[in-house]
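Before any comments, here is the structure.
The values are calculated or read from the model by the stated rules, or taken from the named source; none is laboratory data. None of the values given here were measured: they were computed from a predicted structure. Note that each Cβ is placed from the backbone with ideal geometry, even for glycine, and that neighbours are counted across all protein chains shown.
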Amino acid sequence: MSIGVVVFPGSNCDRDVRWATEGCLGMQTRYLWHEETDLSDLDAVVLPGGFSYGDYLRCGAIARFAPVLESLIDFANKGGRVLGICNGFQVLTELGLLPGALTRNSGLHFICEDAPLKVVSARTPWLAHEQSGREIQLPIAHGEGRYQCSEDTLKALQDNDGIALKYNNNPNGSIADIAGITNPAGNVLGLMPHPERACDPATGGIDGRRLLEALT
């Protein structure tokens, strides 16, 4: 496996992802500067958390126009695996690879805590190592993680088994307690929690390791 981790100006979790995939799981990983366009040598691409372009306009709104993401659309449409974590999830919705939008938390405060979650769908290859209904715990750290969508979009997600993860105790007001969703094909996953921060028992839980192992 060869994994690319996109680096935008303002990204701050790119190194965390590489540490988890390469350091903990032994996967070949390289950084993708946002101006790169050649993804031909990659099996999967991760959009990490952080504050791409400082979130000066809207989270993910400026990053959406990066050259690397033009190539990412084609990569995803051909079945390449794409993982968007936190700010990366926001970018995927801005890009149109995932529906809906991430908005300000209902309490209007930045939240940084461990979040109990439930695996809703094991349809996606990203959760191939999980079972529907299993409870896991992953860290969250966001100010704009409240997932919102229309009733029609929510119904489509439910009908297509596109809701991957739900919060047990909704911390941000997301509709239907949604913490992560996939596209209809299942190869694109966006989630607000940080699996890369839960891969080493020395620093916390290891529930994130099981999700990232799906990269193989």
Every residue from the range 4-28 that is of a type in the set (Val, Ile, Thr) and under 19 Å from residue 52 (Cβ atoms):
5, 6, 7, 17
Against the definition (polar (S, T, N, Q), in contact with a strand residue (DSSP E or B) (Cβ under 9 Å, 6 or more places away or on another chain) and either farther than 26 Å from residue 209 by Cβ or in contact (Cβ under 8 Å) with a residue 40 or more places away in the chain (or both)), how does residue 105 come out, yes or no?
yes
Taking the stated definitions as given, is residue 108 within 21 Å of residue 169 (Cα to Cα) and at pLDDT below 95?
yes
Could you look through the range 200-216, keep only residues that are hydrophobic (A, V, I, L, M, F, W, C) and farther than 13 Å from residue 136 by Cβ, and pick out the one that is surrounded by the fewest Cβ atoms within 10 Å (Cβ to Cβ)?
202
Those residues that are charged (D, E, K, R) and within 13 Å of the chain's Cα centre (by Cα), I need them from the range 58-93; list them, please.
81
For the range 74-93, pairs from a residue that is under 15 Å from residue 64 (Cα atoms) to a residue that is at pLDDT below 95 and of a type in the set (Ser, Thr, Tyr), with Cβ under 8 Å and 6 or more apart or across chains, are 87/11; 87/52; 91/52
Filter the range 138-172 down to residues that are hydroxyl-bearing (Ser, Thr, Tyr) and under 26 Å from residue 210 (Cα atoms) and give me whichever is nearest to the chain's Cα centre (by Cα).
147
Can you tell me how many residues in the range 26-68 are of a type in the set (D, E, K, R), modelled with pLDDT under 90 and touching a strand residue (DSSP E or B) at 6+ places or on another chain (Cβ under 8 Å)?
0
Evaluate the range 185-199: report whether one residue or more is surrounded by fewer than 23 Cβ atoms within 10 Å (Cβ to Cβ) and touching an Asp or Glu at 6+ places or on another chain (Cβ under 7 Å).
no
It is to be established whether one or more residues within the range 90-99 are among the hydrophobic types (A, V, I, L, M, F, W, C) and in contact with an Asp or Glu (Cβ under 8 Å, 6 or more places away or on another chain).
no
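Within the range 182-195, is even one residue touching a His at 6+ places or on another chain (Cβ under 6 Å), within 16 Å of residue 113 (Cα to Cα) and in contact (Cβ under 8 Å) with a residue 60 or more places away in the chain?
The first filter runs over the range 182-195 and keeps only residues touching a His at 6+ places or on another chain (Cβ under 6 Å), leaving 192.
Applying the additional criterion that residues be within 16 Å of residue 113 (Cα to Cα) yields 192.
Subsequent filtering for residues that are in contact (Cβ under 8 Å) with a residue 60 or more places away in the chain retains 192.
Scanning the range 182-195, I find at least one residue that is touching a His at 6+ places or on another chain (Cβ under 6 Å), within 16 Å of residue 113 (Cα to Cα) and in contact (Cβ under 8 Å) with a residue 60 or more places away in the chain, so the answer is yes.
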